[in-house]
1. Would it be correct to say that W108 is modelled with pLDDT of 95 or more, surrounded by 23 or more Cβ atoms within 10 Å (Cβ to Cβ) and over 21 Å from M184 (Cα atoms)?
2. Quick one: K2 ticks every box in (1) crowded, with 17+ Cβ neighbours inside 10 Å; (2) assigned to a loop (DSSP other than H, G, I, E, B) bar one, so which box is it?
3. Say whether the condition of being more than 14 Å from the chain's Cα centre (by Cα), among the acidic types (D, E) and either modelled with pLDDT under 95 or under 17 Å from V127 (Cβ atoms) (or both) is met by at least one residue in the stretch 28-42.
4. Would you be able to tell me the number of residues in the stretch 61-85 that are surrounded by fewer than 21 Cβ atoms within 10 Å (Cβ to Cβ), under 18 Å from the mean Cα position of the chain (by Cα) and in a loop (DSSP other than H, G, I, E, B)?
5. Determine if the stretch 185-199 includes at least one residue that is within 19 Å of the chain's Cα centre (by Cα), assigned to a strand (DSSP E or B), surrounded by 14 or more Cβ atoms within 10 Å (Cβ to Cβ) and hydroxyl-bearing (S, T, Y).
6. Before we move on, is E123 at pLDDT 95 or above, under 20 Å from R26 (Cα atoms), among the charged types (D, E, K, R) and not in a loop (DSSP other than H, G, I, E, B)?
7. Just checking, how many residues over the stretch 16-52 are surrounded by fewer than 23 Cβ atoms within 10 Å (Cβ to Cβ) and part of a strand (DSSP E or B)?
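The values are calculated or read from the model by the stated rules, or taken from the named source; none is laboratory data. All values reported here derive from a predicted model rather than from experimental measurement. Positions of Cβ are generated from backbone atoms using ideal geometry, with glycine treated the same way; all protein chains shown enter the neighbour counts.
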Amino acid sequence: MKPYSESCEENRAPILEVLRVELKDRKRLLEIGSGTGQHAVYFAPQFPDLLWQTSDRVSMHAGIRQWLAESTAPNILPPLPLDVCRDTWPQAGYDAVFSANTAHIMSWPQVECLFAGIARVLEPEGVFCLYGPFNYAGRYTSESNQRFDGWLKSRDPHSGIRDFEALCSLAEQTGMRLQSDYEMPANNRTLVWRMRQPPQ
């Protein structure tokens, strides 16, 4: 049976509005944690000049391929195997990276691997768009996020909603600077970092 994520259906329209701004004139995008594949088949047709590369752990590939098989978009590529700490990352050359609802299901060492890997594949002036719930100054932005964090930790004590400041510090260490912080529905955000130019 083809996998289905209700949250993907609910958040795709507001995310698209952000991507229309941030992905303008972009040519090659790596999606990390493509999940069911629903985001890819919805977003990619909106950017016909952008090549959308899906990726995820191998266990997710069958579901992604089912969604891709039903899509007529010619600019979506089959999923690459990408466990952020274990698999070999693709070659550099992407001017955009997108990931949704991933940082809070990873452990912090995995988040560190995520940013380190992105720093290797993202071209100078490329953008990294990360969607999900985040804390600010160590505080939840809503009671629902606090409950969600408790549920996450009950499943995996190493997971949890990440602090905005910690992510920005990690981005800075890997050569990225914060460009935008978008408020999204349901107490979520889309954070956008831009890769700095290398020193001359």
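1. No.
2. Against the list (1) crowded, with 17+ Cβ neighbours inside 10 Å; (2) assigned to a loop (DSSP other than H, G, I, E, B), K2 comes up short only on (1).
3. Step one: of the stretch 28-42, the residues more than 14 Å from the chain's Cα centre (by Cα) are 28, 41-42.
Okay, now just the ones that are also among the acidic types (D, E), so none.
No, the stretch 28-42 contains no residue that is more than 14 Å from the chain's Cα centre (by Cα), among the acidic types (D, E) and either modelled with pLDDT under 95 or under 17 Å from V127 (Cβ atoms) (or both).
4. 2
5. Checked the stretch 185-199: at least one residue is within 19 Å of the chain's Cα centre (by Cα), assigned to a strand (DSSP E or B), surrounded by 14 or more Cβ atoms within 10 Å (Cβ to Cβ) and hydroxyl-bearing (S, T, Y).
6. yes
7. Within the stretch 16-52, residues that are surrounded by fewer than 23 Cβ atoms within 10 Å (Cβ to Cβ) and part of a strand (DSSP E or B) number 2.
Residues checked against (1) at pLDDT below 95; (2) more than 13 Å from L191 (Cα to Cα); (3) among the hydrophobic types (A, V, I, L, M, F, W, C):
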| residue | (1), (2), (3) |
| --- | --- |
| A116 | no, yes, yes |
| E143 | no, yes, no |
| W151 | no, yes, yes |
| I161 | no, yes, yes |
| F164 | no, no, yes |
